[in-house]
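Structure first, commentary second.
What follows is calculated from the coordinates using simple rules that are stated; it is not laboratory data. Computed from a prediction, not measured in an experiment: that's the story for all the values here. Here Cβ is always computed from backbone atoms with ideal geometry, including for glycine, and neighbour counts include all displayed protein chains.
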Amino acid sequence: MTDSIDQSKNVDLTEQDLETKSKGELIKLAGKLRDRRNELNQMASERASERDELNAKTREKVDEAQHHREKRDELNEKVQEHKENRNDLNAKASELFEEVEQMKDDLKLDEGKDVEQLEDEIEELEFKQQTEVLEAEAETELIEKIENKRKKLQGRKEKLAQNEDLDELEEEAEEVRANASEHHQKVTELADEAQEHHNSMIEAYREADDIRDEADEMHENFVEAQEAADRHHEDFVRVQKRLRELDKKEEQKEKQQREQKQEAAREEAEEIYQKFKDGETLDTEDLMKLQKTGLL
């Protein structure tokens, strides 16, 4: 950052200087004031340029921050859209899974033995009937047992056949939940990206503030140099005015001296002319004085 101006190089002017200094001293002082004024004006111009450059950089950083703000807001809108879709799909998936559970409860598919197990048991009982010699009562019980299992197997197959849409319903519920997970993944990705733009926005605004502080300080330095230059210019003008006054006084003094000489010459010439009229003899110098005054 540019330092404050060197006050020791400034040129001071007092009223006493204007009143007491000679013309030569004032001319020299005017030269110093003019040179310091020009130096300060150059300094002020350079500082104004630096200030303007810093202000331009500030605007660039503010524009950059605004860009990140717009991208962040745009992404947050998308995050909200995906959140709403995710929540709707999760709600729908929950309803579908509740339907699946209700259907299973109605069918009691989770209770008792499955089809494959019943078929294995029936096969074992039929094998026993075919290979073992049983009393009539035991064989009757075995046949009844086989028949009961066949009825259970048939009933279970009928329930499964009548409710083939159960698997489709479960598949639909799983698909809806998978779609909800995809939207949740997008929420996470977009939220992370939005946070990155938010962080970049904050950093750009911070940099803009820092540069703006530099620009403000540079403006203060510019004002300091410009005011000092203006003060030197005003003092330069005052000295110039005083020099003109002195020149005018000198001219008046010289004019007065010329008039006094001319008056003295006329008086002397009139005395010589009077001598001439009185018949006195005039020398060459007296004659020349009469010619200068127009009396001869």
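Please give the per residue volume of the convex hull enclosing the alpha carbon atoms of the stretch 22-75, rounded to a whole number of Å³.
39
Using only Cα atoms, tell me the angle between helix 136-162 and the longest principal axis of the chain; keep it within 0 to 90° and round to the nearest 10.
Once rounded, one gets 30 degrees.
Given +1 on the Cβ of Lys and Arg, -1 on the Cβ of Asp and Glu, and no further charges, what dipole in debye does the chain carry about its Cα centre, rounded to the nearest 20?
Taking the Cα centre of the chain as origin, the dipole is about 4600 debye.
Set the Förster radius R0 to 25 Å, insert the Cβ-Cβ distance between residue 151 and residue 105 as r into 1/(1 + (r/R0)^6), and round the FRET efficiency to 0.05.
The calculated FRET efficiency here is 0.65.
What pairs from 241/261; 23/292; 28/253 go past 26 Å between their alpha carbons?
Exceeds cut-off: 241/261; 23/292.
Under a crude label model (7 Å from the Cα following the beta-carbon direction), how far is residue 182 from residue 8 in nanometres?
7.8
Note down the nm distance, to one decimal, between modelled labels 7 Å out along Cα→Cβ at residue 140 and at residue 95.
Taking the simple label geometry, residue 140 and residue 95 are separated by 5.8 nm.
With a cut-off of 18 Å, note down the residues of the stretch 62-104 whose backbone N falls inside the zone around a label point 7 Å from the Cα of residue 115 toward its beta carbon.
104
Pick out, from 205, 179, 194, the residue whose Cα sits farthest towards the positive end of the charge dipole of the stretch 174-221, with +1 on the Cβ of Lys and Arg and -1 on the Cβ of Asp and Glu.
Looking along the dipole axis, the top candidate is 179.
Rounded to the nearest 0.05, what FRET efficiency is calculated for residue 270 and residue 17 with R0 set to 45 Å and r the Cβ-Cβ distance?
Efficiency for this residue pair is about 0.40.
Divide by every residue of the chain the summed helix terms, -39500 (n - 2.57) for each DSSP H run of at least 4, and state the resulting mean residue ellipticity at 222 nm, rounded to the nearest 500 deg cm²/dmol.
Taking each H run of at least 4 residues, the total per residue is -32500 deg cm²/dmol.
Considering only 44, 260, 55, whose Cα is most displaced toward the positive end of the charge dipole of the chain, charges sitting on Cβ of Lys, Arg (+1) and Asp, Glu (-1)?
Looking along the dipole axis, the top candidate is 260.
Seen from all sides and averaged, what is the projected area of the convex hull of the Cα atoms in the stretch 15-122, in nm²?
Computed as one quarter of the Cα hull surface, the answer is 16.6 nm².
Loop-only GluC sites (Glu not before Pro) in the stretch 222-296, please: DSSP not H, G, I, E or B, and at most 13 other Cβ atoms within 10 Å.
280
Go through the stretch 29-40 residue by residue and turn each phi into a ³J(HN,Hα) via Karplus (6.51, -1.76, 1.60, θ = phi - 60°); whole Hz please, and just put x for glycine and proline.
Computed from phi, the couplings for the stretch 29-40 are 5, 4, x, 5, 4, 5, 5, 5, 4, 4, 4, 5 Hz.
Enumerate the calculated ³J(HN,Hα) couplings along the stretch 232-239 in order (Karplus 6.51 cos²θ - 1.76 cosθ + 1.60, θ = phi - 60°), each rounded to whole Hz, writing x wherever the residue is Gly or Pro.
5, 5, 4, 5, 4, 5, 4, 5
Using 7 Å Cα-to-Cβ label points, what is the residue 87/residue 259 separation (nm, one decimal)?
Result for the modelled spin labels: 10.4 nm.
Work out the charge dipole of the chain with +1 on the Cβ of Lys and Arg and -1 on the Cβ of Asp and Glu about the Cα centre, then indicate which of 154, 5, 91 is farthest towards its positive end.
Toward the positive end, the furthest listed residue is 5.
If you average 1/r over all unlike Cα pairs in the stretch 21-258 and invert the result, what Kirkwood radius do you get in angstrom?
About 28.5 Å for the stretch 21-258.
Springs between alpha-carbon pairs under 10 angstrom, Gaussian network model over the chain: which of 31, 155, 279 fluctuates most?
Per the Cα network of the chain with a 10 Å cutoff, 279 tops the list.
Can you give the angle from 0 to 90° between the axis of helix 115-131 and the longest principal axis of the chain, with both taken from C-alpha atoms, to the nearest 10?
20
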